[in-house]
Amino acid sequence: MIEVKDLVKRYGTHTALDHLTFTIEDGGIYGLLGPNGAGKSTTMNILTGYLCANEGTVTVNGHDILKDTEKAKAEIGYLPEMPPLYEDMTVREYLEFVCELKKINGAKIPDEIKRVSEKTGIADVEERLIRNLSKGYKQRVGIAQALIASPSIIILDEPTVGLDPLQIIEIRDLIRELKSEHTVILSSHILSEVSAVCDEILIISNGRLVAKDSAENLGRLSEGKHLLRLCVKGDRKQTEAVLADFDQIQECRMEEGSEGIRLELSLSEGKDIREDLFYRFADEHLPILEMSMEHASLEEVFIDLTKDEADNTENQDNTENEQEAAES
Ligand code: ADP
Ligand code: MG
């Protein structure tokens with residue numbers, strides 16, 4: 001289990017993480033989702049002890065990353081955004097090197113290399129130089145080194161970036177297999193990527209957590225947001241009277257056109273009111289000429305969530321600029 005509390009990370013005057021708080025339970029695949037620059041790599045570098053936060057705490061299975069660094073680090077296998085692969089080594093030499101770094105008993109190293117190579121499908125390329133491997137295989141080697149010493153948590157920073165579609169499918173399958181023995185945290189700026197493999201999604205924007213939920217529930221969030229468009233032939237007052245009967249209508253925009261009244265209704269989650277609307281308008285002898293429902297996609301929900309944050313920062317930036325201007 002990882003507990004992240006109130007993390008703040010500043011690079012100079014730029015705040016990359018702004019009081020970020022979340023918890024990762026044992027088991028499952030977690031996705032850190034956010035646009036480029038959101039703070040995903042910074043977060044991962046802090047969780048793995050590669051970077052120090054300015055404020056806040058991280059505990060990994062009860063070990064504080066600052067006070068108990070060695071123990072906390074031993075719980076985690078990490079594939080950074082730029083995998084630290086030594087291109088002039090063979091795959092075996094490199095994995096031996098990582099085994100030594102992780103203090104695996106010398107006699108057990110061959111077995112450990114065999115185990116991680118088989119798991120990641122690189123047993124056939126063990127004697128090849130890393131520089132000669134395809135990007136997909138290099139990524140497998142990167143994952144293999146993270147698996148050495150069987151840490152309980154595996155953290156992968158943008159594990160499929162730069163891969164071709166077939167390699168992406170293979171790496172995704174591999175990540176799904178890791179779930180049986182490890183808690184996996186991966187990052188991505190692509191929504192379809194995290195919804196394809198993750199059980200739980202954490203959306204980060206401008207160093208803040210804007211949503212944390214199952215892929216399923218986030219999907220429901222998008223289903224819940226819908227817009228009903230209608231064109232009704234009739235009188236404005238009568239139309240308003242009909243609409244007043246429906247609690248699910250949160251917002252209503254009305255426009256009188258030549259063929260009738262055009263309505264745009266924002267609906268709350270719950271019952272589909274289209275049939276009831278149809279019969280109510282029919283009772284009033286107000287024919288519905290058109291009716292269509294629009295669902296927001298998960299992509300739109302993501303853009304919505306991260307856009308609000310972007311707007312906020314813009315405003316903040318403006319205030320800062322204004323303050324600076326006032327000071328000078
Ligand atoms: P992500 O991985 O989500 O794309 P990062 O964590 O890499 O985001 O970066 C978060 C923000 O911090 C970005 O605005 C980035 O430009 C900035 N940043 C990251 N690393 C550094 C650094 N070493 N020095 C200065 N700014 C940095
Ligand atoms: Mg990154």
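Report yes if Ile122 is under 26 Å from Lys307 (Cα atoms) and either at pLDDT 95 or above or within 14 Å of ligand 1 (Cβ to nearest atom) (or both), otherwise no.
Numbers: under 26 Å from Lys307 (Cα atoms): no; either at pLDDT 95 or above or within 14 Å of ligand 1 (Cβ to nearest atom) (or both): yes.
Considered against the rule, which asks whether it is under 26 Å from Lys307 (Cα atoms) and either at pLDDT 95 or above or within 14 Å of ligand 1 (Cβ to nearest atom) (or both), Ile122 comes out as no.
Looking at (1) surrounded by fewer than 23 Cβ atoms within 10 Å (Cβ to Cβ); (2) within 30 Å of Lys271 (Cβ to Cβ); (3) in contact (Cβ under 8 Å) with a residue 40 or more places away in the chain; (4) away from ligand 2 (no atom under 16 Å from the Cβ), find the lone condition where Lys138 falls short.
Of everything listed in (1) surrounded by fewer than 23 Cβ atoms within 10 Å (Cβ to Cβ); (2) within 30 Å of Lys271 (Cβ to Cβ); (3) in contact (Cβ under 8 Å) with a residue 40 or more places away in the chain; (4) away from ligand 2 (no atom under 16 Å from the Cβ), Lys138 misses just condition (2).
Within the stretch 61-81, is there a residue that is surrounded by 18 or more Cβ atoms within 10 Å (Cβ to Cβ), within 16 Å of ligand 2 (Cβ to nearest atom) and touching a residue at least 24 places away in the same chain (Cβ under 8 Å)?
Within the stretch 61-81, one or more residues are surrounded by 18 or more Cβ atoms within 10 Å (Cβ to Cβ), within 16 Å of ligand 2 (Cβ to nearest atom) and touching a residue at least 24 places away in the same chain (Cβ under 8 Å).
Name the pairs whose Cβ atoms lie under 7 Å apart, with the first residue in the stretch 28-44 and under 19 Å from Leu305 (Cα atoms), the second more than 10 Å from ligand 1 (Cβ to nearest atom) and among the polar types (S, T, N, Q), and 6 or more positions between them or separate chains?
Close Cβ pairs (under 7 Å, with a partner that is more than 10 Å from ligand 1 (Cβ to nearest atom) and among the polar types (S, T, N, Q)) amount to Gly34/Thr306; Pro35/Thr306.
Could you run through the stretch 191-210 and say how many residues are out of contact with any Gly (no Cβ under 8 Å at 6 or more places or on another chain) and assigned to a helix (DSSP H, G or I)?
Total meeting the criteria: 3.
Determine whether Val210 is assigned by TED's automatic domain parsing to the domain that holds Ile122, under 19 Å from Leu79 (Cβ atoms) and either modelled with pLDDT of 95 or more or not hydroxyl-bearing (Ser, Thr, Tyr) (or both). Spell out how you get there, then give the answer.
Values: assigned by TED's automatic domain parsing to the domain that holds Ile122: yes; under 19 Å from Leu79 (Cβ atoms): no; either modelled with pLDDT of 95 or more or not hydroxyl-bearing (Ser, Thr, Tyr) (or both): yes.
No, not satisfied.
May I ask you to say which residue of Val58, Val8 is surrounded by fewer than 23 Cβ atoms within 10 Å (Cβ to Cβ), out of contact with any helix residue (DSSP H, G or I) (no Cβ under 9 Å at 6 or more places or on another chain) and of a type in the set (A, V, I, L, M, F, W, C)? Spell out the reasoning first.
Working: Val58 fails: out of contact with any helix residue (DSSP H, G or I) (no Cβ under 9 Å at 6 or more places or on another chain).
Going through Val58, Val8 in turn, the sole match is Val8.
Listed residues Thr57, Thr43; which is assigned to a helix (DSSP H, G or I), of a type in the set (S, T, N, Q) and over 25 Å from Ile169 (Cα atoms)?
Numbers: Thr57 fails: assigned to a helix (DSSP H, G or I).
Answer to the check: Thr43.
With the requirement that a residue be hydroxyl-bearing (Ser, Thr, Tyr) and farther than 13 Å from Leu227 by Cα, what does the stretch 238-284 give you? Let's see the steps before the verdict.
Residues of the stretch 238-284 that are hydroxyl-bearing (Ser, Thr, Tyr), as a first pass: 239, 258, 266, 268, 279.
Passing the criteria: Thr239, Ser258, Tyr279.
Can you pull out every residue in the stretch 78-97 that is out of contact with any Ser or Thr (no Cβ under 8 Å at 6 or more places or on another chain) and either more than 14 Å from Ile130 (Cα to Cα) or basic (Lys, Arg) (or both)? Steps first, please.
Filtering the stretch 78-97 for residues out of contact with any Ser or Thr (no Cβ under 8 Å at 6 or more places or on another chain) gives 79, 82-90, 92-94, 96-97.
Residues satisfying the conditions are Leu79, Met82, Arg92.
Do any residues in the stretch 9-24 that are touching a residue at least 60 places away in the same chain (Cβ under 8 Å) have Cβ atoms under 7 Å from those of residues that are more than 8 Å from ligand 1 (Cβ to nearest atom) and hydroxyl-bearing (Ser, Thr, Tyr), where the two are at least six apart or on different chains, and which pairs are they?
These pairs meet every condition: Ile24/Tyr30; Ile24/Thr183.
Has the stretch 1-9 got any residue that is within 16 Å of ligand 2 (Cβ to nearest atom) and either in a strand (DSSP E or B) or not assigned by TED's automatic domain parsing to the domain that holds Leu163 (or both)? Even if it seems obvious, please write down each step before you answer.
Going residue by residue through the stretch 1-9, those that are within 16 Å of ligand 2 (Cβ to nearest atom) are 7, 9.
So of that shortlist, the ones also either in a strand (DSSP E or B) or not assigned by TED's automatic domain parsing to the domain that holds Leu163 (or both) come out as 7, 9.
Yes, the conditions are met somewhere in the stretch 1-9.
Please determine, by comparing only the residues of the stretch 72-82 that are touching an Asp or Glu at 6+ places or on another chain (Cβ under 9 Å) and not acidic (Asp, Glu), which one is nearest to Met1 (Cα to Cα). Steps first, answer last, please.
Here is the first cut: in the stretch 72-82, the ones touching an Asp or Glu at 6+ places or on another chain (Cβ under 9 Å) are 72, 78-82.
Next cut, not acidic (Asp, Glu) only: 72, 78-80, 82.
Numbers: Ala72: 11, Tyr78: 16, Leu79: 19, Pro80: 20, Met82: 25 Å.
Here the answer is Ala72.
If I filter the stretch 221-276 down to residues being within 30 Å of the chain's Cα centre (by Cα) and either among the aliphatic types (A, V, I, L, M) or at positive phi (or both), which single residue comes out as modelled with the lowest pLDDT?
Leu221
Of all residues in the stretch 254-296, count the ones that are outside any loop (DSSP other than H, G, I, E, B), in contact (Cβ under 8 Å) with a residue 12 or more places away in the chain and of a type outside the set (Gly, Ala, Ser).
21
The values are calculated or read from the model by the stated rules, or taken from the named source; none is laboratory data. Predicted model, so just to flag it, every value in this text is computed and none were measured. Here Cβ is always computed from backbone atoms with ideal geometry, including for glycine, and neighbour counts include all displayed protein chains.
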